[in-house]
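Working notes, structure below.
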Amino acid sequence: MSRQSGNKIRSKGTEKSSREAAAAKRNRGLSRLQKKDFIFLGILALVAIAFLLWFLLGYRKSGNRVEITVDDEFYGTYDLNEEQEIPIEIGGTVTNILLIRDGEADMTEADCPDQICVRHVSISHVGENIVCLPNRVVVSVTGEEEPQLDSVAQ
Amino acid sequence: MAKNNRKQKSISKTCAQLGMLLALALLCSYIESLIPFNFGVPGIKLGLTNIVVLLTMYLMGLKEAFLVSIARIILAGLLFGNMFAIVYSLAGGILSFLVMAFLKNVMKLNILSVSGAGGVFHNLGQLMVAALVIENMNLLYYMSVLFFAGLVTGLLIGLVSREIVARLKEF
């Protein structure tokens, strides 16, 4: 009797371990991080940090002009050091309003549904931009000193 | 006959499960649209729905996960967003799905890596389409921030998904 139950326990034990092995096989990719995971995540993290450094150190230069394009076409450039409010008109109606104050440009109003450009932080560094995708308006900061002669000559 | 029957049963079971997962994904989209997640840079979000996509991927399979992902994007776009939202989400969704499928099935990486890469490539896909539409390569300026954000949120989502998948595997 006792031997029988002992057998039973033993068989249960092996059954359990085989089930565990099967579960472990099924769970591959779930529980433990393998070496290749660490390598992969390490590479991703390195790229992310490199991007961030590039963004924080190399790329942040204060600009002094903003350039607005609408539908890939030049709309105008404005001085960042001059406090002004720029209504952006498309086809006769004002779709966006850009406010320049304290050397920063900020989209204060837009007639689009998502309002992503309005929520966007103010921009002041070269290369930064505010994009209103529904209206295809791009506002970007540039660093050039001289105003664009071509647009004046037109 | 019996075999046929069983096959039918499994198809209806799959249908029901897919429907449930799609509903769950839509719910996640809705919850996410309620969270005011604003860092001043567009595109940073938690990616809750990726939990459901990962769940489908690990519990059912790649085809099913792709279906849920695409259907979710189109429906959520129609319900809570607009045409723009659909196009950008599709670009991000498809790219991140392909990357995740590759990492899971070919590279056999951990769900954490799969999810982290999924977050990164979702952002990259969206950004690439935005850059194409606007024809302004300056947009790539966002890439630095979005890459990092995608990795962080992707890893978080991966942690949550790992726990959920491990528990649901029993069923």
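The values are calculated or read from the model by the stated rules, or taken from the named source; none is laboratory data. Worth saying up front: this structure is predicted, and the values here are computed from it rather than measured. Positions of Cβ are generated from backbone atoms using ideal geometry, with glycine treated the same way; all protein chains shown enter the neighbour counts.
Only one of the numbered conditions (1) more than 12 Å from chain A (Cβ to nearest Cβ); (2) surrounded by fewer than 23 Cβ atoms within 10 Å (Cβ to Cβ); (3) under 28 Å from A:PHE51 (Cβ atoms); (4) not acidic (Asp, Glu) is violated by B:ILE73, and that is (2). The residue that is farthest from A:LEU99 (Cα to Cα), among those in the range A:115-137 that are in contact (Cβ under 8 Å) with a residue 60 or more places away in the chain and among the β-branched types (Val, Ile, Thr), is A:VAL126.
Which residue is nearest to the other protein chains (Cβ to nearest Cβ), if the candidates are limited to the range B:76-109 and must be surrounded by fewer than 16 Cβ atoms within 10 Å (Cβ to Cβ) and farther than 26 Å from A:LEU44 by Cα? In this case the residue turns out to be B:ASN82. Of all positions in the range B:39-53, none carries a residue that is among the charged types (D, E, K, R) and part of a helix (DSSP H, G or I). Remark: A:VAL152 matches the filter, which requires a residue to be at pLDDT below 85, out of contact with any Lys or Arg (no Cβ under 8 Å at 6 or more places or on another chain) and of a type in the set (A, V, I, L, M). Among B:PHE66, B:PHE84, which is the only one that is aromatic (Phe, Trp, Tyr) and touching a Phe, Trp or Tyr at 6+ places or on another chain (Cβ under 8 Å)? Matching residue, one of B:PHE66, B:PHE84: B:PHE66. Please work out if B:VAL68 is buried (at least 22 other Cβ atoms within 10 Å of the Cβ), at negative phi and more than 14 Å from chain A (Cβ to nearest Cβ). Spelling it out, B:VAL68 is indeed buried (at least 22 other Cβ atoms within 10 Å of the Cβ), at negative phi and more than 14 Å from chain A (Cβ to nearest Cβ).
Checking B:VAL145, B:VAL114 one by one, the residue that is at the interface with chain A (Cβ under 10 Å from one of its Cβ atoms) and within 17 Å of the chain's Cα centre (by Cα) is B:VAL114 and no other. For the range A:125-149, a residue qualifies if it is more than 10 Å from chain B (Cβ to nearest Cβ) and at pLDDT 85 or above, and the qualifying residues are A:ASN135, A:VAL139. A single member of A:GLY58, A:GLY103, A:GLY91 is modelled with pLDDT under 90 and either surrounded by 15 or more Cβ atoms within 10 Å (Cβ to Cβ) or in contact with a Leu (Cβ under 9 Å, 6 or more places away or on another chain) (or both), and it is A:GLY103.
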